[in-house]
Amino acid sequence: MEEVKLLGFWPSPYSHRVIWALKLKGVKHEYIEQDLRNKSDLLLQYNPVHKKIPVLVHGGKPIAESLVILEYIEETWSQNPLLPKDTYERALARFWIKFGADKGPIFSVLFRYTEEEQDQNAIKEVVECLKILEEQALGDKRFFGGENIGMVDIAYGWLCHWFKATEEMIGVKLLEPSSLPRLHAWVERFKQVPIIQENLPDYTKLLAHFKSLRGKFTALDQPSNDR
């Protein structure tokens, strides 16, 4: 069996997407933590284009970009499929995965704002996206893929932990049972899947990391005294 390695970073939801997929498939792998402030020769060797994590290395061949890696895992290891067999349902799953990727910048805007400087348009856009997910993608299903966790669930897995930390950090609750009952219930179900539950970063540590990052962003946004 060819060796499988994963280069990742502990707070990254993109790294965790890959970890979850490998674990759900039962693929043994070596996880190699990366210091993104001091990028390793290994990371620069395997991802010379973007120099980012995650990178999956299978038999010495690197694959970058988390969603591309998920597709590679699905095509390489057939056990415990993460995409539907039906071609239409598979296309639909890819549509919703792309929808999330396209809307990513809308969610990332929240990261920079303080309670005093909340961008209400950004809040409104995020809520609209969440409502579309609940009504059009999830519906009345247990998971986005039906009765079992699938690739769409993995792609949106950041909502269960990382989004919560962002909400707490900015002091705004958006994904609530009163406003998004089905999506909120999905978040709770997703977190209870044993493989997911066992492979989430420590929440307190994650929140502290987020606050540290936002402090750096805020400092960069301040007007400079230098001329």
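Nothing in this text is a laboratory measurement; each read-out follows from the coordinates by a stated rule. Being a predicted model, the structure only gives us computed values, none of them experimental. Here the Cβ is made from the backbone with ideal geometry for all residues, glycine too, and neighbour counts use every protein chain on show.
For the reader, a short list of remarks on this structure follows.
- The value of relative contact order for the chain, using C-alpha pairs under 8 Å at least six residues apart, is 20 percent.
- Candidate aspartates and glutamates - alpha carbon under 16 Å from Lys124, same-chain residues fewer than 8 apart omitted: Glu115, Glu134, Glu167, Glu176
- Tail fraction, Cα-Cα pairs, the range 122-178, threshold 13 Å, whole percent: 67 percent
- Between Ala122 and Tyr31, the modelled labels are 3.0 nm apart [label points 7 Å from Cα along Cα→Cβ].
- For the chain, calculated [θ]222 nm from helices alone, where every DSSP H run of n ≥ 4 adds -39500 (n - 2.57): -15500 deg cm²/dmol
- Pairs from Lys131/Lys216; Lys5/Lys141; Lys52/Lys164 whose Cα-Cα separation, in the structure shown, is over 28 Å: Lys131/Lys216; Lys5/Lys141
- 5 Å-binned pair-distance histogram of the range 1-128 (Cα, whole percent): 2, 9, 17, 18, 16, 15, 12, 7, 3, 1, 0
- Globularity index of the range 112-206, i.e. its alpha-carbon radius of gyration over 2.2 N^0.38 Å: 1.11
- Cα-Cα pairs of the chain separated by more than 29 Å (percent): 30 percent
- Among Gly139, Ile32, Ser66 the positive-end extreme of the charge dipole of the chain (Cβ point charges): Ile32
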